[in-house]
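We did not get these values from a lab; they are worked out from the coordinates using the rules stated. This one's a predicted model, so the numbers in the text were calculated from it and none came from an experiment. All Cβ positions, even for glycine, are placed from backbone atoms using ideal geometry, and neighbour counts span all protein chains on display.
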Amino acid sequence: VNWAVDNEADVIFASVAESGEILQDMPALTEKAFTLVKYGKHMTFTTEILRDSDANLMNFINGWAARGWAGTLNSLLMTELAANGTASLTLDAAAAIGAAEIPEFVGKLAPEYQSGAQWIMHPTTFSYLQGLVGNQFYFANTPNGGMPNSSLWGFPLNQTSYATALGASAKSLFLLNGNFVGVREVDGLQMLRDPYSAAHLGQLKLWFYFSAVFGVLVPEAVRYASHPSA
């Protein structure tokens, strides 16, 4: 599947005089390919384990596989954002974020993308920012306000362990409008229960697989800040 995108920032209409000619203005059409990639794993159980276990084993396995599915999607998303987002701010320190750098970074995202924008960062990065208690404007409207865990400087905040934490050369802060990031996924997580291929060993195989791909459609709507190397 190819998604049509405009490879330029100029979207403004030109004025037209009375009885004047309306000039042609076309988007700089290009396309973003969304080629599905399949991901999978399988596991093998003896029929004795499945027969004798009273630990609700299958519910545990289903939950374990679902967590792996979600984690893989998070990892794919962060990889795409880091590869095709827009580098917007080099932070001053290799392992720190200054108080004034948060609003400075917010200013790098154009106003037309700020409605619906969200943060994505590693939990340790967010905890680090929460530790800057002298800068209440990060989390609250007033100096006496609380510190909610769901927003930062007025924008909703998402945490994932698949984001890069604070560190030299790391891309530790992402502010983006998800309406300009595409995802293609087919049928979700699939499970195949196979009691036949290893029946001669008294074993049963479970196969898990899914197909997905993420793509940044408008790079200027996806901003990240990175640390210097030292």
Query raised in the report: What does the charge add up to near Ala225, with Lys and Arg as +1, Asp and Glu as -1, over the other residues with Cβ less than 13 Å from its Cβ?
Result: 0
Query raised in the report: When the chain is modelled as a GNM with alpha-carbon springs shorter than 10 Å, which of Glu18, Glu112, Glu220 fluctuates the most?
Result: Glu18
Query raised in the report: P(r) for the chain: what percent of alpha-carbon pairs falls in each 10 Å bin, starting at zero?
Result: 7, 24, 24, 20, 15, 8, 2, 1, 0
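Take the alpha carbon gyration tensor of the range 165-230, find the square roots of its eigenvalues, order them as a ≥ b ≥ c, and report rounded if a/c is under 1.5; if not, report prolate when a/b exceeds b/c, else oblate.
oblate
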Report summary line: the chain: antiparallel bridges as % of DSSP beta bridges, rounded to 5, reads 85 percent
Query - Highest-fluctuation residue, Leu73, Leu192, Leu36 considered, GNM on the chain with Cα pairs under 10 Å - result: Leu192
Requested in this report: Can you tell me the FRET efficiency between His200 and Val37 if r is taken as the Cβ-Cβ distance and R0 is 22 Å, rounded to the nearest 0.05?
Outcome: 0.10
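With +1 on each Lys and Arg Cβ and -1 on each Asp and Glu Cβ, how big is the dipole of the chain about its Cα centre, in debye rounded to the nearest 20? If you can, show how the numbers build up before the last one.
Numbers: 11 positive and 19 negative charges, 214 e Å.
Its charge dipole is roughly 1020 debye.
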Query - Global geometry of the range 69-117, whether rounded, prolate or oblate, following the gyration tensor of its Cα atoms and the 1.5 cut on a/c - result: oblate
Requested in this report: Towards the positive end of the charge dipole of the chain, with charges on Cβ (+1 Lys, Arg; -1 Asp, Glu), say which of Tyr39, Gly178, Tyr196 has the farthest Cα.
Outcome: Tyr196
Query raised in the report: Do the sum for the chain: with -39,500 (n - 2.57) for every DSSP H run of n ≥ 4, divided by all residues, what is the mean residue ellipticity at 222 nm, to the nearest 500 deg cm²/dmol?
Result: -6500 deg cm²/dmol
Query raised in the report: By its C-alpha gyration tensor, with a ≥ b ≥ c as the square roots of the eigenvalues, how is the range 1-127 shaped: rounded for a/c under 1.5, else prolate for a/b larger than b/c, else oblate?
Result: oblate
Report summary line: Per GNM of the chain with C-alpha springs under 10 angstrom, the most fluctuating residue out of Ala99, Ala82, Ala55 is Ala55
Query raised in the report: How large is ³J(HN,Hα), in whole Hz, for each residue of the range 46-61 in order, when computed from phi with the Karplus curve 6.51 cos²θ - 1.76 cosθ + 1.60 and θ = phi - 60°, using x for Gly and Pro?
Result: 7, 5, 5, 4, 5, 6, 8, 6, 10, 9, 6, 4, 5, 4, 5, 5
Query raised in the report: How do the peptides 165-177, 2-14 rank, highest first, by the average count of neighbouring beta carbon atoms within 10 Å per residue?
Result: 165-177, 2-14
Report summary line: Checked against the positive end of the charge dipole of the chain (+1 on Cβ of Lys and Arg, -1 on Cβ of Asp and Glu, about the Cα centre), the farthest of Gly131, Ser151, Asn56 is Asn56
Report summary line: Placing each pseudo-label 7 Å from Cα in the direction of the beta carbon, Gln24 and Asp6 end up separated by a distance in nanometres of 1.7 nm
Requested in this report: At a Cα cut-off below 18 Å, give the aspartates and glutamates reachable from Lys32, other chains included and same-chain residues fewer than 8 away excluded.
Outcome: Asp6, Glu8, Glu80, Glu185, Glu220
